[in-house]
Amino acid sequence: MPMKRVLFIRPGETEWNRVGRQQGWVSIPLNEHGRQQAARLANFLRHLGLGALYASDLRRAQETAEILAEKLSIDPIYDSRLRERNVGLWQGLTIGEITEWSGEEYRQFRERVNNFKIPGGEARFQEGERSQSAFQDIEKHEKDVETVGIVTHSIAIRTLLSQLLPDYPSSGMPLSNISVTTIYRNEEGNW
């Protein structure tokens with residue numbers, strides 16, 4: 001029996017989320033509100049029958065997964081391929097600072113969202129290849145698990161959804177901290 005349901009979970013809030021700083025691969029911890037968000041989500045998820053929990057190895061995702069895992073009695077599996085997009089030299093900056101200091105590069109980024117390689121970082125399609133590879137391995141490994149949770153980041157979630165769901169809007173959807181986006185496999189075996 002293949003996986004039937006996947007819950008994509010965005011990590012809880014960090015101080016950098018609060019002030020609009022690009023986190024990328026920086027190891028930012030959850031703030032107190034983010035820890036509370038994860039604890040409340042854990043209470044909700046315990047009734048959904050999660051059989052496995054995967055997470056990005058970035059600190060904010062690990063902390064979220066640990067809080068969930070404690071309530072769910074599941075050991076999380078960490079995978080660096082589920083990391084957020086590497087935003088290179090833009091890590092730690094706000095959008096305002098990026099547009100002020102790297103205006104031309106930011107304009108190119110907005111025009112070529114999937115193919116623009118952020119200086120010192122990666123292009124969105126590269127992040128997509130990473131996260132899709134991780135998802136395919138999860139599908140292969142969790143053949144006997146009906147519901148899987150994946151704690152990953154907003155760009156990774158949007159990229160995976162656009163790869164898995166043919167009607168997913170190209171502009172994506174807003175994903176707040178600790179949001180849960182659920183997909184399920186239909187009778188034909190498609191997501």
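Below are the figures for this structure:
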{"read-out": "Cα Rg over Rh - region 1-52, Kirkwood", "value": "1.08"}
{"read-out": "Helix-derived mean residue ellipticity, 222 nm - over the chain, DSSP H n ≥ 4, -39500 (n - 2.57), to 500", "value": "-12500 deg cm²/dmol"}
{"read-out": "Computed label-point distance, nm, for sites Arg112 and Lys143 using a 7 Å Cα→Cβ extension", "value": "4.2 nm"}
{"read-out": "Spherically averaged projected area in nm², based on the convex hull that wraps the Cα atoms of region 104-145", "value": "3.5 nm²"}
{"read-out": "Folded to 0 to 90 degrees: helix 32-45 orientation relative to the chain principal axis, Cα", "value": "30 degrees"}
{"read-out": "Taking the convex hull of Cα positions in region 141-191, its mean projected area over all directions (nm²)", "value": "4.2 nm²"}
{"read-out": "Cβ-Cβ FRET estimate between Gln132 and Glu100, R0 fixed at 35 Å, reported to 0.05", "value": "0.55"}
{"read-out": "Interchain or long-range residues, amide H under 5 Å from Tyr54's placed H", "value": "Ile77, Gly149, Ile150, Val151"}
{"read-out": "The chain: angle of helix 59-72 to the longest principal axis, Cα-based, in degrees nearest 10", "value": "20 degrees"}
{"read-out": "The chain, relative contact order in percent, only Cα pairs under 8 angstrom and at least six apart counted", "value": "36 percent"}
{"read-out": "Calculated from backbone phi, Karplus (6.51, -1.76, 1.60) coupling profile of region 174-191 in Hz, x at Gly/Pro", "value": "x, 10, 7, 4, 6, 5, 10, 10, 10, 10, 9, 8, 7, 4, 7, x, 9, 7"}
{"read-out": "Coarse-grained scattering of region 65-104 at q = 0.14, 0.22, 0.26 Å⁻¹, given as base-10 log I(q)/I(0) from a Debye sum over alpha-carbon atoms", "value": "-0.55, -0.74, -0.86"}
{"read-out": "With Cα atoms, 0 to 90° folded angle of helix 154-164 axis to the chain main axis", "value": "60 degrees"}
{"read-out": "Portion, in percent, of the accessible area of region 72-165 that falls on carbon or sulfur, probe 1.4 Å", "value": "46 percent"}
{"read-out": "Whole-number accessible area per residue in Å² for the chain, which is evaluated in the context of all protein chains at 1.4 Å", "value": "50 Å²"}
{"read-out": "Dimensionless Rg/Rh of region 100-191 - Kirkwood Rh, Rg from C-alpha atoms", "value": "1.03"}
{"read-out": "nm² value of the averaged projected area, convex hull over the Cα atoms of the chain", "value": "10.4 nm²"}
{"read-out": "Largest-first principal axis extents, alpha carbons of region 40-143, Å", "value": "48, 30, 19"}
{"read-out": "Gained length - Asn43 relative to Thr181, 0.36 nm times residue gap less alpha-carbon distance", "value": "48.0 nm"}
{"read-out": "Listed residues Glu139, Glu66, Glu100, most fluctuating in the chain (Gaussian network, C-alpha, under 10 Å)", "value": "Glu100"}
{"read-out": "Long-range amide H partners of Thr14 with built H, under 5 Å", "value": "Asn31"}
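The values are calculated or read from the model by the stated rules, or taken from the named source; none is laboratory data. Fair warning: this is a prediction, and the values are worked out from it, not measured in the lab. In this analysis, Cβ positions are derived from the backbone assuming ideal geometry, glycine residues included, and neighbour counts consider all displayed protein chains. We work out accessible area using only protein heavy atoms, side chains counted, and drop any ligands, DNA or RNA first. Shrake-Rupley method; radii C 1.70, N 1.55, O 1.52, S 1.80 Å.
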